[in-house]
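Have a look at the structure below, then the notes.
The values are calculated or read from the model by the stated rules, or taken from the named source; none is laboratory data. Predicted, not measured: the structure shown is a model, and the values here were computed from it. Here the Cβ is made from the backbone with ideal geometry for all residues, glycine too, and neighbour counts use every protein chain on show.
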Amino acid sequence: MALKQSNYLRMRFACLLMAVLTISGCSLFGSDDDRNKPMPLAEFKPTVSAQIAWRAPVGSSVAFGLSPTVVGDSIFAASADGVVTKVDLATGNVQWKMTVAKILSAGAGSDGKTTAVATPEGDIIALDEAGAVKWTARASSDVIVQPWVGLGVVVVRSGDYRIQAFNAANGERIWSVQRPGPSLALRVAQQMIAIEGLVITGLPGGRLMAIEPIAGSVVWEGIVAAPRGSSELERVNDVVGSPVVLGDFLCAVSYQGRIGCFNISQGGRIIWAKDFSSSAGMAIDAKHTYSPDARDNVAAFATADGAKVWRQDGLRNRGLTSPATTGQFVVLGDFEGYAHVLSADSGEFAARLALSGGAMFAQAQTTSRGVLLQTGDSSLVMIELK
């Protein structure tokens with residue numbers, strides 16, 4: 001009973017935090033305070049052509065824990081109304097589609113052989129290569145972070161700050177690691193990643209953790225930013241979005257905290273960190289790291305040392321997704337279904353594309369075919385720049 005009450009309170013306070021952040025879904029767009037109103041879209045002369053290569057329906061709605069996964073030539077995606085879909089990366093053709101639950105809160109994680117999603121009650125549902133359910137298991141709490149699948153395991157992070165692994169073949173629980181967490185946490189799009197045989201996850205309290213996925217041993221933990229402030233609301237500083245990797249650089253950003261990079265080869269030694277607050281996540285290329293701040297002002301920092309390069313204020317309070325990089329450009333979705341293309345070098349507007357489908361929550365993703373977005377009506381959209 002106490003656990004259920006704790007989860008319920010986290011969800012209630014998370015919506016309050018969304019209002020503070022002016023994220024779509026729990027925003028203050030109707031407030032009389034002009035600071036919370038979305039920036040009107042300005043006219044500009046496009047410098048690149050943005051086109052929709054294809055669009056594929058998944059379900060009818062999305063949630064913060066639902067982001068597509070690209071594996072080889074396929075995309076695995078889920079919708080909040082319980083649908084899991086496999087789509088061809090090149091054409092957008094639907095290869096299979098299955099309804100597995102009434103509501104999904106996280107997914108779809110996949111390695112191409114096993115695809116995993118989760119429900120608000122903590123049920124983990126695994127599908128085989130053909131889309132048939134092969135097992136279900138129960139996590140220790142609600143799951144809103146996309147599962148990671150690989151090396152024969154399904155790794156999930158539950159709302160009680162526990163990271164658990166299940167056997168991908170039969171759903172048997174293999175290991176569990178837990179860390180103490182705050183009473184308040186953000187409910188935003190988050191993903192775990194794998195590098196050099198380790199699963200990396202961001203945690204509330206501004207922390208990163210690297211876990212060996214077979215045995216569940218914690219290899220290292222790093223702090224992006226320590227909590228600050230006197231109230232629980234002020235001390236919320238979750239790592240948001242997905243950690244990003246470039247060579248030996250592992251970078252992450254937190255809400256009410258910092259943006260920074262660690263050296264993977266040196267056990268997670270911090271290379272640089274800057275005070276920053278984001279509710280969306282970040283992207284990286286050889287020159288820069290990119291992230292919208294908590295007010296959706298998009299900033300670029302030098303990847304090597306964190307020096308600030310540019311800031312674009314023209315998308316303030318527009319409920320931006322995490323960015324994705326493609327060539328010389330950065331792409332972000334917003335709460336009205338627009339895809340915005342910025343110059344990676346200057347931050348200036350380069351293109352804008354109306355995708356329709358409503359507010360976007362899933363992280364924008366770079367693929368070999370373009371930038372992948374999932375719209376508010378749960379359609380997958382591939383964008384090409386020419």
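Name the residues in segment 244-301 that are in a strand (DSSP E or B), in contact with a Gly (Cβ under 7 Å, 6 or more places away or on another chain) and surrounded by fewer than 22 Cβ atoms within 10 Å (Cβ to Cβ), would you?
Matches in segment 244-301: I270, W272, A273, K274.
Output the residues belonging to segment 208-241 that are among the small types (G, A, S), at pLDDT below 90 and within 25 Å of T69 (Cβ to Cβ).
Within segment 208-241, the subset among the small types (G, A, S) is 210, 215-217, 222, 225-226, 229-231, 241.
Retained after the next criterion (residues that are at pLDDT below 90): 222, 225-226, 229-231, 241.
Matches in segment 208-241: G222, G241.
Given the structure, is V100 in contact with a strand residue (DSSP E or B) (Cβ under 8 Å, 6 or more places away or on another chain) and within 20 Å of T375 (Cβ to Cβ)? Give the steps one after another, and end with the answer.
Values: in contact with a strand residue (DSSP E or B) (Cβ under 8 Å, 6 or more places away or on another chain): yes; within 20 Å of T375 (Cβ to Cβ): no.
Criteria not met by V100.
Given the conditions (1) at pLDDT 95 or above; (2) hydrophobic (A, V, I, L, M, F, W, C); (3) more than 26 Å from V341 (Cβ to Cβ), report the number of the one that W54 does not fulfil.
Of the numbered conditions (1) at pLDDT 95 or above; (2) hydrophobic (A, V, I, L, M, F, W, C); (3) more than 26 Å from V341 (Cβ to Cβ), the odd one out for W54 is (3).
Which of the residues belonging to segment 27-51 are modelled with pLDDT of 95 or more and either touching a Ser or Thr at 6+ places or on another chain (Cβ under 6 Å) or among the basic types (K, R) (or both)?
Matches in segment 27-51: K45 only.
Give me the pairs: first residue in segment 352-379 and more than 20 Å from D296 (Cα to Cα), second residue part of a loop (DSSP other than H, G, I, E, B) and among the charged types (D, E, K, R), beta-carbon distance under 6 Å, and six or more apart or on different chains, which are they?
G357/D377
Every residue in segment 302-335 that is surrounded by fewer than 18 Cβ atoms within 10 Å (Cβ to Cβ), in a loop (DSSP other than H, G, I, E, B), of a type outside the set (A, V, I, L, M, F, W, C) and modelled with pLDDT of 95 or more, please.
Passing the criteria: D305, D313, Q328.
Considering only segment 123-146, state which residues are modelled with pLDDT of 95 or more and closer than 17 Å to M192 by Cβ.
Within segment 123-146, I124, A126, A139 meet the criteria.
List pairs: first in segment 57-77 and on the phi > 0 side of the Ramachandran plot, second of a type outside the set (D, E) and surrounded by fewer than 23 Cβ atoms within 10 Å (Cβ to Cβ), Cβ under 7 Å, 6+ apart or cross-chain?
Final answer for the pair search is G72/G112.
Taking G358 as meeting all but one of (1) modelled with pLDDT under 95; (2) crowded, with 20+ Cβ neighbours inside 10 Å, write down the number of the exception.
Result: G358 passes all but (2).
Restricting attention to segment 349-386, report how many residues are in contact with a strand residue (DSSP E or B) (Cβ under 7 Å, 6 or more places away or on another chain) and not in a strand (DSSP E or B).
So the answer is 9.
Mind counting the residues in segment 82-106 that are of a type outside the set (V, I, T) and in contact (Cβ under 8 Å) with a residue 60 or more places away in the chain?
Selection size over segment 82-106: 3.
Is segment 97-104 home to any residue that is surrounded by fewer than 23 Cβ atoms within 10 Å (Cβ to Cβ), among the hydroxyl-bearing types (S, T, Y) and assigned to a strand (DSSP E or B)?
There is at least one residue in segment 97-104 that is surrounded by fewer than 23 Cβ atoms within 10 Å (Cβ to Cβ), among the hydroxyl-bearing types (S, T, Y) and assigned to a strand (DSSP E or B).
Looking at A165, A139, which is the one that is of a type in the set (A, V, I, L, M, F, W, C), under 17 Å from L104 (Cβ atoms) and buried (at least 24 other Cβ atoms within 10 Å of the Cβ)?
Values: A165 fails: under 17 Å from L104 (Cβ atoms).
Answer to the selection: A139.
So, of the residues in segment 274-301 that are of a type in the set (G, A, S) and modelled with pLDDT under 95, which turns out to be farthest from K37 (Cα to Cα)? Write out each step before concluding.
So in segment 274-301, the residues of a type in the set (G, A, S) come out as 277-281, 283, 286, 291, 294, 299-300.
Within this subset, residues satisfying the condition of being modelled with pLDDT under 95 are 277-281, 294.
On the way: S277: 19, S278: 18, S279: 17, A280: 18, G281: 21, A294: 13 Å.
For segment 274-301, the residue satisfying everything is G281.
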